[in-house]
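Participant: For reference, the structure I am asking about is given below.
The values are calculated or read from the model by the stated rules, or taken from the named source; none is laboratory data. These numbers were taken from a predicted model, which means no experiment stands behind them. Glycine gets a Cβ as well: all are built from the backbone with ideal geometry, and neighbour counts include every protein chain shown. What goes into the accessible areas is simple: the full protein's heavy atoms, side chains included, and nothing from ligands, DNA or RNA. Shrake-Rupley method; radii C 1.70, N 1.55, O 1.52, S 1.80 Å.
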Amino acid sequence: MPIEFKKQKAVFRGAVTVEEAEALLEWLQNKAAAKADLSACSHLHTANLQVLMAAKTKVASWPGDSDLSAWLETTLNSA
């Protein structure tokens with residue numbers, strides 16, 4: 001599974017596709033203080049990005065890929 005939901009952290013791994021967006025939204029609606037760990041994420045579908053933006057989710061770790069990390073940091077820090 002591309003997203004592993006822990007107590008207060010969603011851990012993103014590999015390619016996170018559109019299919020995960022609904023589960024992510026439902027989980028975040030019940031976890032006000034949740035954080036996202038994107039360190040092992042290699043691709044994030046924009047539906048998941050929109051969920052993270054709407055929920056104003058804090059990021060615990062950014063992706064290792066510098067291009068993906070730069071794109072996500074710019075987008076999520078301005079949301």
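Participant: Go through segment 4-43 and give me each residue that's of a type in the set (A, V, I, L, M) and without any contact (Cβ under 8 Å) to a residue 24 or more places away in the chain.
Facilitator: 23, 32 - these are the residues of segment 4-43 that are of a type in the set (A, V, I, L, M) and without any contact (Cβ under 8 Å) to a residue 24 or more places away in the chain.
Participant: Given (1) under 18 Å from residue 1 (Cα atoms); (2) open to solvent by 80 Å² or more (accessible area, probe 1.4 Å), where does residue 78 come up short, assuming only one miss?
Facilitator: Unmet for residue 78, out of (1) under 18 Å from residue 1 (Cα atoms); (2) open to solvent by 80 Å² or more (accessible area, probe 1.4 Å): (1).
Participant: Restricting to segment 44-72, name every residue that is over 11 Å from the mean Cα position of the chain (by Cα) and more than 15 Å from residue 25 (Cα to Cα).
Facilitator: Correct list: 64, 65, 66, 67, 68, 69, 70, 71.
Participant: Now a separate question. Listed residues 72, 38, 52, 76; which is part of a helix (DSSP H, G or I), out of contact with any Asp or Glu (no Cβ under 9 Å at 6 or more places or on another chain) and closer than 14 Å to residue 11 by Cβ?
Facilitator: Details: 72 fails: closer than 14 Å to residue 11 by Cβ; 38 fails: part of a helix (DSSP H, G or I); 76 fails: closer than 14 Å to residue 11 by Cβ.
So the residue among 72, 38, 52, 76 that is part of a helix (DSSP H, G or I), out of contact with any Asp or Glu (no Cβ under 9 Å at 6 or more places or on another chain) and closer than 14 Å to residue 11 by Cβ is 52.
Participant: Same structure, new question: Is segment 30-39 home to any residue that is over 18 Å from residue 77 (Cβ atoms), open to solvent by less than 30 Å² (accessible area, probe 1.4 Å) and over 9 Å from the mean Cα position of the chain (by Cα)?
Facilitator: Taking every residue of segment 30-39 in turn, none turns out to be over 18 Å from residue 77 (Cβ atoms), open to solvent by less than 30 Å² (accessible area, probe 1.4 Å) and over 9 Å from the mean Cα position of the chain (by Cα).
Participant: Continuing with the same structure: If residue 49 meets every condition in (1) within 13 Å of residue 5 (Cα to Cα); (2) surrounded by 14 or more Cβ atoms within 10 Å (Cβ to Cβ) apart from one, which number is that one?
Facilitator: Here residue 49 meets the rest and fails (1).
Participant: Keeping to segment 1-29, report how many residues are farther than 18 Å from residue 65 by Cα and either open to solvent by less than 30 Å² (accessible area, probe 1.4 Å) or outside any strand (DSSP E or B) (or both).
Facilitator: Counting residues in segment 1-29 that are farther than 18 Å from residue 65 by Cα and either open to solvent by less than 30 Å² (accessible area, probe 1.4 Å) or outside any strand (DSSP E or B) (or both) gives 17.
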